[in-house]
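For reference, the structure discussed in these notes is given below.
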Amino acid sequence: MYTTGNRIAWLQGPDASCAKTGPVPPRPWHLVLLGPPGVGKGTQAEKIIAEFGACHLSTGDVFRYAARDTSGQAPSPAMAVALAAMKRGELVSDATVVELVRERIQCLACQYGFLLDGFPRTLEQAHALDAILGAAGRKLDAAINYFAPESLIIERLSGRRVCRQCRTGYHVQNKPPRVSGRCDACDGDLIQRDDDKPEAIRTRLHAYATTCDPVLEFYRRQGLLRKIDASGDPGAVFVHTREVIQKLSPAVPH
Ligand SMILES: [Zn+2]
């Protein structure tokens with residue numbers, strides 16, 4: 001089992017260390033994880049880290065962390081730009097997301113390897129990643145794409161509930177509250193966020209496909225794309241993931 005290191009440090013800019021410790025994997029893996037919301041990518045990421053090492057670099061972490069923003073630490077230059085956009089309720093631009101990743105170039109080049117999750121999300125970001133890795137003297141080993149039928153993803157995501165008062169999350173099948181419709185922690189009402197209603201999920205999935213399909217094609221042409229059916233349970237999906245990673249090119253020098 002490998003450790004995850006400090007997943008937040010890389011958000012704090014070029015000088016922060018991810019402070020990853022513990023054994024160095026025999027070979028550093030350089031992987032990109034792709035797949036729509038609700039496909040179970042986060043769970044697979046954790047399993048990959050535990051088994052293969054690598055720093056988990058998740059742009060989702062960036063945005064969740066930035067939204068809380070309670071550290072009191074000065075954000076990195078790109079983070080400051082991203083925060084300002086989010087405060088205005090705007091999307092963070094491709095260019096800024098690329099800068100956030102570029103600031104972590106040391107992490108991308110480190111001896112543990114990396115697992116990028118949530119990036120690249122557009123063709124422009126994929127091209128930028130190639131340039132960043134080239135500058136760091138690194139190459140991607142694979143882009144792993146998880147897929148599942150839309151109906152299954154809608155079923156999974158539309159089962160989410162959140163407590164109106166304390167915001168604790170539940171799931172009607174996977175993490176049901178003790179009493180239906182009531183929060184275990186505070187007895188508040190459990191509600192379904194508008195984002196988790198089937199129509200909204202369908203819209204998000206279509207938006208995701210529109211921007212991500214060119215990214216899949218980009219990696220397919222380079223022979224880096226690996227597709228994994230994520231409709232089974234997480235353990236079974238990881239068995240397949242492990243096989244895919246083990247079949248990638250054998251050990252290379254650090
Ligand atoms: Zn509650």
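Each reported figure results from applying straightforward, stated rules to the coordinates on display, with no laboratory input. All values reported here derive from a predicted model rather than from experimental measurement. Here Cβ is always computed from backbone atoms with ideal geometry, including for glycine, and neighbour counts include all displayed protein chains.
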Rounded to whole Å, give me the distance from the Cα center of segment 70-130 to that of segment 155-209. 28
Backbone HN-Hα couplings from phi across segment 114-125 [Karplus 6.51/-1.76/1.60, Hz, Gly and Pro as x]: 8, 10, 8, 10, x, 8, x, 10, 9, 4, 4, 5
In order through segment 216-224: 3J(HN,Hα) via Karplus (6.51 cos²θ - 1.76 cosθ + 1.60), integer Hz, x for Gly, Pro: 4, 5, 4, 6, 4, 4, 8, x, 9
Do the sum for the chain: with -39,500 (n - 2.57) for every DSSP H run of n ≥ 4, divided by all residues, what is the mean residue ellipticity at 222 nm, to the nearest 500 deg cm²/dmol? -13000 deg cm²/dmol
If you place +1 on the Cβ of every Lys and Arg and -1 on the Cβ of every Asp and Glu, how big does the dipole about the Cα centre of the chain come out, in debye to the nearest 20? 300
Which residues qualify? For CYS55, with a placed amide H closer than 5 Å and at least 5 residues away or on another chain, they are GLY113, PHE114, LEU115
Counting sequence-distant residues (5 or more places) and residues on other chains, those with an amide H built under 5 Å from that of ILE228 are ASN145, TYR146, PHE147
Apply the Karplus curve 6.51 cos²θ - 1.76 cosθ + 1.60, θ = phi - 60°, to the phi angles in segment 169-185 and return the couplings in whole Hz, x for Gly and Pro. x, 9, 9, 4, 9, 7, 8, x, x, 5, 10, 3, x, 10, 6, 4, 7
Please report the relative contact order for the chain, taking Cα pairs under 8 Å with a sequence separation of at least 6, and give it as a percent rounded to a whole number. 24
Applying 1/(1 + (r/R0)^6) with R0 = 35 Å to the Cβ-Cβ distance of ALA50 and ARG88, what FRET efficiency is obtained, to the nearest 0.05? 0.40
